[in-house]
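Report on one structure; see the data block that follows.
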Amino acid sequence: MSLQLIRVSRFTARLLNHGGVILSSATQPPNMGNQFGSNYRSLKDGPPSEPPADNEFRRLSDTDWKKRLTPEQYDVCRQKGTERPFTGAYLDNKQTGIYTCAGCGTPVFDSKTKFDSGSGWPSFYDKYKTEDGGQTVATKTDQTMGMARTEVLCAQCDSHLGHVFADGPRPTGQRYCINSAALGFKPEKDGNL
Ligand SMILES: [Zn+2]
């Protein structure tokens, strides 16, 4: 039993070393602090294109996820919940930068594709693409709630991010309707912040 605990804690430490997500002051418990002193989550370090080694996040247990995430993040990312519209931290964020998965820190959307859809959730007309055209966001048909929708997930850790609809603006015509709680944000280093 004790060996198991040691292994788990080492594993957790390794995950945190992969540029774990800094939780926002808006959603984290008050005693956790926030070194950035802002309402935005961001990656601790490392370029946005740097994915976690291997795919350790896929092996996290439900208990691990509960420890990693705030209750709100857990509800959205792991239970496929939806935050209330017009309440999310990133709805009106106009900063230039990269939106990351709250579960694992992988870049999932670029601020360049963010637009105001009026829906009450952060909206993007395209998903993030790596320099070599790789994709970090996966989609899956979702038949729940009596509707046929397309779910948007982090391809790295399988966290639920939101849904995508075909009523978005040009050039893609897509509207990625994403929960703020499923996102982190890394401002562009040399941007106008
Ligand atoms: Zn992820």
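The values are calculated or read from the model by the stated rules, or taken from the named source; none is laboratory data. As the structure is a prediction and not an experimental result, all values here were calculated from the model. Please note: Cβ atoms are built from the backbone with ideal geometry, for glycine as well, and neighbour counts cover all protein chains shown.
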*Being crowded, with 23+ Cβ neighbours inside 10 Å, in contact with a Phe, Trp or Tyr (Cβ under 8 Å, 6 or more places away or on another chain) and touching a residue at least 60 places away in the same chain (Cβ under 8 Å), is that true of even one residue in segment 168-176?*
yes
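Would it be correct to say that residue 136 is within 14 Å of the ligand (Cβ to nearest atom), modelled with pLDDT of 95 or more and of a type in the set (Ser, Thr, Tyr)? Reasoning before the result, please.
Details: within 14 Å of the ligand (Cβ to nearest atom): yes; modelled with pLDDT of 95 or more: yes; of a type in the set (Ser, Thr, Tyr): yes.
Spelling it out, residue 136 is indeed within 14 Å of the ligand (Cβ to nearest atom), modelled with pLDDT of 95 or more and of a type in the set (Ser, Thr, Tyr).
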*asked:* I'm trying to understand the selection: among the residues of segment 147-167, which are more than 12 Å from residue 117 (Cα to Cα), surrounded by fewer than 18 Cβ atoms within 10 Å (Cβ to Cβ) and of a type in the set (Asp, Glu)?
replied: 151
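Do the conditions hold for residue 162, that is, is it more than 18 Å from residue 75 (Cβ to Cβ), small (Gly, Ala, Ser) and either within 16 Å of the ligand (Cβ to nearest atom) or in contact with a helix residue (DSSP H, G or I) (Cβ under 7 Å, 6 or more places away or on another chain) (or both)?
Spelling it out, it is not the case that residue 162 is more than 18 Å from residue 75 (Cβ to Cβ), small (Gly, Ala, Ser) and either within 16 Å of the ligand (Cβ to nearest atom) or in contact with a helix residue (DSSP H, G or I) (Cβ under 7 Å, 6 or more places away or on another chain) (or both).
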*Tally time: how many residues in segment 147-159 are within 16 Å of the ligand (Cβ to nearest atom) and either within 18 Å of residue 79 (Cβ to Cβ) or in contact with a Gly (Cβ under 6 Å, 6 or more places away or on another chain) (or both)?*
7
*Search segment 104-115 for residues that are under 16 Å from residue 172 (Cβ atoms) and pair each with any residue that is assigned to a loop (DSSP other than H, G, I, E, B) and hydrophobic (A, V, I, L, M, F, W, C) when their beta-carbon atoms are under 9 Å apart and the residues are at least 6 apart or on different chains.*
108/155
*residue 83 versus (1) farther than 12 Å from residue 183 by Cβ; (2) more than 15 Å from the ligand (Cβ to nearest atom); (3) in contact (Cβ under 8 Å) with a residue 24 or more places away in the chain: which is the lone unmet condition?*
(1)
